[in-house]
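**Q** Before I ask anything, let me first share the structure, which is written out below as structure tokens.
The values are calculated or read from the model by the stated rules, or taken from the named source; none is laboratory data. These numbers were taken from a predicted model, which means no experiment stands behind them. Positions of Cβ are generated from backbone atoms using ideal geometry, with glycine treated the same way; all protein chains shown enter the neighbour counts.
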Amino acid sequence: MGHRKLTESERAERRRADRERLGRAARALLSSEGWERWVQVRSRNGLARYSFHNQLLIALQCPDASYVAGFRAFLQLNRCVRKGERAIRILAPMSVRDRQAQQAGRDVERESEQPKRMVFRAVSVFDVSQTELLPGTQEVPLEPPCEPIGGATHAHLLPSLERLAQELGYTVAHRPLDAPADGWCDQSKREIVINGKLPGNAQVRVLVHELAHALGIGYREHGRRRAEVLVDTVTYIVCGSVGLDTSGSTVPYVAGWGEDGDLDAIRGCAEAIDAIARRIEDSLRSESQCPSPHASLAA
């Protein structure tokens, strides 16, 4: 038996509920707890595939999520969603026929030329914790191994990061530093300096930090304190996404944002963090040992 077609009022109610869910997810950024939930979700490799808005929705509904996918996608990973598990609702874009344009007199014979518009529809996804391995199959690794900052397991990422710096017009120098800082980004000289005494993994972390500055998070635009929080958050996210253990670091948060803060400003900061983290992650994608991402659901 097919699904009953929804009435216009039922569709409107669903859209209202979707907007309200997304609004609650965005407002959660105003609290340190809600901000930390989003940062933790964003730093996990399996969740970087999702749009910023869907990251917020996942963080709201499943704060401990580590790898989220649809029912069929998990089957391709040799896993099945357990019966009775509650789905995580996110928004997926889809193209539909534009009936208003058709009614306005656009008579198009071929299907490919019919007027269409983009809408967003709530869909169900699940976290890997809600699944189990299919009998007789092998485990497919979903996330990169977690390695300590003190090692050199991720030193092979440095050349890719340096190429990104070159694309941005910066040179990268690795030299011994005795100053308290482990590196800096000099925008006037277009130079990034990294403490060459650090282990390879720590150099990766410092270079990610300085690249975030080079990508536009400066003191002039944001003030020193907020800029460092934004850059530290980018660093936390990118390192987590490639499997560098930053468990010793606390999730950065700007004290004073508070529940009565400017939601648009904080949301803008989070969106900027997500965009810059994606740019750095994209430069590392060819070096990543992670499984191939499934179709991203953007909203």
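**Q** So, in the range 114-146, exactly how many residues are in contact with a helix residue (DSSP H, G or I) (Cβ under 8 Å, 6 or more places away or on another chain), modelled with pLDDT under 90 and either outside the structural domain of residue 70 (by TED's automatic domain parsing) or within 18 Å of residue 68 (Cβ to Cβ) (or both)?
**A** 5
**Q** Restricting attention to the range 79-107, and to residues there that are modelled with pLDDT of 95 or more and of a type outside the set (D, E, K, R), which single residue is nearest to residue 269 (Cα to Cα)?
**A** Checking each candidate, the answer is 88.
**Q** Further, regarding this structure: Looking only at the range 76-92, count how many residues are of a type in the set (Gly, Ala, Ser) and part of a strand (DSSP E or B).
**A** The total comes to 1.
**Q** While we're on this one: Does residue 232 count as within 25 Å of residue 150 (Cβ to Cβ) and either within 20 Å of the chain's Cα centre (by Cα) or at pLDDT 85 or above (or both)? So that I can check it myself, show each step before the final result.
**A** Working: within 25 Å of residue 150 (Cβ to Cβ): yes; either within 20 Å of the chain's Cα centre (by Cα) or at pLDDT 85 or above (or both): yes.
Considered against the rule, which asks whether it is within 25 Å of residue 150 (Cβ to Cβ) and either within 20 Å of the chain's Cα centre (by Cα) or at pLDDT 85 or above (or both), residue 232 comes out as yes.
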